[in-house]
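Note sheet for the following structure.
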Amino acid sequence: MNHEQPDLRWVWLGALGCFILAGSTGVLFRFGLLNGFPAGLQLVDVRHAHSHLMYFGWVTPVLMALILKQLPRVTEKAMQFAKGFQGVIGLTLVLALLAYPPFLLFGYRLAGIGGRQMPLAVMAASLNILAWYAFIGLYIRATWRLPRRLPLRLWDASLAFLVLASVGAWGRGVLVALGVDDPFWQAAMVHLFLDFFSDGWFLLALLGVAYSLLPAANVARQRWGTRLLILGLP
């Protein structure tokens, strides 16, 4: 059955722009190790700006767009919430760029604004998380009560891991707000975010896209393999 798919080339171009900016920041990070950083920038802050833009502005919007592109094929019905999905993906790109300057200038440190100390990077990252939740909400509405073919099960799991990863991000913000500098808890929150984001959200979402393009691969051994993968990730 042929269903119209939305034109999402603008997402690719926007995400590619974020990739170029994040990659350039990575180059600055490496040269800064040798020659020092300009304008008072600090090594850790430059690394945070690079990694967060890669995660927020490059991979995440592209994966969201790929899922949206394949949903009509997988669900075998027209996509009712295509404009809503596109709006959320566009917002994700904007918020990813909005988070870049505070991470570059301040990292997770408090920034002095109008005589007050504010965690600007944490606040900007929180807005990104809310956009992810909006995408998840639209996905749930679009796939509610549909048969869970393998791509949908993989996307279900990937978005569940995205929520779990956000717990680490919220936890990192809480530690900053409470002034907790215990390296164990800081590292725990960072890895809860990074590991579930990369190994859970990234990996499973991309596998779902691959299986949506290769329906003949949807056989029992692949289904069991993905179940074991999902169980093993935590």
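Tabulated values for the structure
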quantity: For the chain, built as a Gaussian network whose Cα springs stay under 10 Å, the top-fluctuating residue of Phe196, Phe19, Phe81; calculated: Phe81
quantity: Max mean-square fluctuation residue, GNM over the chain, Cα-Cα springs under 10 Å, options Gln42, Gln117, Gln80; calculated: Gln117
quantity: Dipole magnitude (debye, nearest 20) for the stretch 1-143, charges at Cβ of Lys, Arg, Asp, Glu; calculated: 100 debye
quantity: Whole-Å distance, taken between Cα centres, linking the stretch 1-62 and the stretch 126-175; calculated: 21 Å
quantity: Charge dipole of the chain about the Cα centre (unit charges at C-beta), most positive-ward option of Phe31, Val46, Leu229; calculated: Leu229
quantity: Distance (nanometres) between label positions extended 7 Å along Cα→Cβ at Arg148 and Leu110; calculated: 4.5 nm
quantity: Solvent-accessible heavy-atom area per residue, rounded to whole Å², over the chain at 1.4 Å; calculated: 52 Å²
quantity: Choice from Asp195, Asp45, Asp182 showing the highest fluctuation, given a GNM over the chain with Cα pairs closer than 10 Å; calculated: Asp182
quantity: Spin-label pair Val27/Asp195, simplified geometry with 7 Å Cα→Cβ offset, distance in nm; calculated: 3.4 nm
quantity: Modelled FRET efficiency - R0 22 Å, Trp185 with Tyr133, Cβ distances, 0.05 increments; calculated: 0.35
quantity: Carbon + sulfur, % of accessible area of the chain - ligands and nucleic acids excluded, 1.4 Å; calculated: 68 percent
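The values are calculated or read from the model by the stated rules, or taken from the named source; none is laboratory data. Not measured: the values here are computed from a predicted model. All Cβ positions, glycine included, derive from the backbone under ideal geometry; neighbour counts span all protein chains shown. We work out accessible area using only protein heavy atoms, side chains counted, and drop any ligands, DNA or RNA first. Shrake-Rupley method; radii C 1.70, N 1.55, O 1.52, S 1.80 Å.
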